[in-house]
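Working notes, structure below.
The values are calculated or read from the model by the stated rules, or taken from the named source; none is laboratory data. Note that the coordinates shown come from a computational prediction; the quantities given were computed from them, not determined experimentally. Here the Cβ is made from the backbone with ideal geometry for all residues, glycine too, and neighbour counts use every protein chain on show. The area values use the complete protein model at the heavy-atom level, side chains included, leaving out ligands, DNA and RNA. Shrake-Rupley method; radii C 1.70, N 1.55, O 1.52, S 1.80 Å.
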Amino acid sequence: MAKRKPTSSQVAQKAGVSQATVSMILNRRNDVSFSAETVERVECAARELGYELPHRKNKNSTKKEKLIVVFCPTLTSPYYVLLLQGIESVANEKGYGVFICNTQRDARLEERYLRMIGNIEPQGIIYACNPHPDYISQVEEMARSIPLVIISNKEKISTVDAINQDNTEVGRMMARHLLELGHRDVAFITPPLT
């Protein structure tokens, strides 16, 4: 049977201090101070027991997850649901995960997600619609360090790479087709943007 590794609570018991004290001393915390005698007792107890600090993965040593962030204005529209499914399908094939930010067309929510980007560190960002006008400069700044594309059905509003759809031309083509078939009473049904 393998010998069990000593624990920090055993070090604390041997040194006559709390487990928190052991942790702070052995982790070399700079924001707290202990007497030289206490530090020596803890370090001596750790050596005698053969205690080693658990190896923690630091940010630089861990394998980075491949992640793409998608800003989406709503999850109730079939258009956006299909678009997200397509993005996720291709991303998964390439070994990427997808993090969806449903902004609900709320500027405060979009701003909150934008603040999170620094912590998430994605390999790419896709805006499924135009960014809120208040955050265009911030999005342009992000695009200098993170690959970013905007999928938009409106005219281009920034210097960021964009895929622009011309829905007016598509609408004309559909109307022309229906007129050529002899239809005169035509309706267009769509869910609200919100």
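Which one of the conditions (1) surrounded by 13 or more Cβ atoms within 10 Å (Cβ to Cβ); (2) modelled with pLDDT of 90 or more does ASN153 fail to meet, given that it meets all the rest?
Among (1) surrounded by 13 or more Cβ atoms within 10 Å (Cβ to Cβ); (2) modelled with pLDDT of 90 or more, the lone unmet condition for ASN153 is (2).
With the checklist (1) in a helix (DSSP H, G or I); (2) loosely packed, with under 11 Cβ neighbours inside 10 Å in hand, flag the one item LEU84 doesn't pass.
(2)
All but one of (1) open to solvent by 80 Å² or more (accessible area, probe 1.4 Å); (2) closer than 13 Å to VAL69 by Cβ hold for HIS183; which doesn't?
Unmet for HIS183, out of (1) open to solvent by 80 Å² or more (accessible area, probe 1.4 Å); (2) closer than 13 Å to VAL69 by Cβ: (2).
Please verify whether the range 94-113 includes one or more residues that are touching a Gly at 6+ places or on another chain (Cβ under 8 Å), in a helix (DSSP H, G or I) and of a type in the set (A, V, I, L, M, F, W, C).
Within the range 94-113 (the criterion being touching a Gly at 6+ places or on another chain (Cβ under 8 Å), in a helix (DSSP H, G or I) and of a type in the set (A, V, I, L, M, F, W, C)), the answer is no, since none of the residues qualifies.
For the range 121-145, how many residues meet the condition of being among the β-branched types (Val, Ile, Thr) and surrounded by fewer than 14 Cβ atoms within 10 Å (Cβ to Cβ)?
The qualifying residues number 0.
Can you tell me which residue in the range 87-108 is surrounded by the most Cβ atoms within 10 Å (Cβ to Cβ), limited to those that are within 15 Å of PRO131 (Cβ to Cβ) and not β-branched (Val, Ile, Thr)?
The extreme case among them is CYS101.
Provide a single number: the residues in the range 105-159 that are closer than 18 Å to TYR80 by Cβ and among the acidic types (Asp, Glu).
Qualifying residue count for the region: 2.
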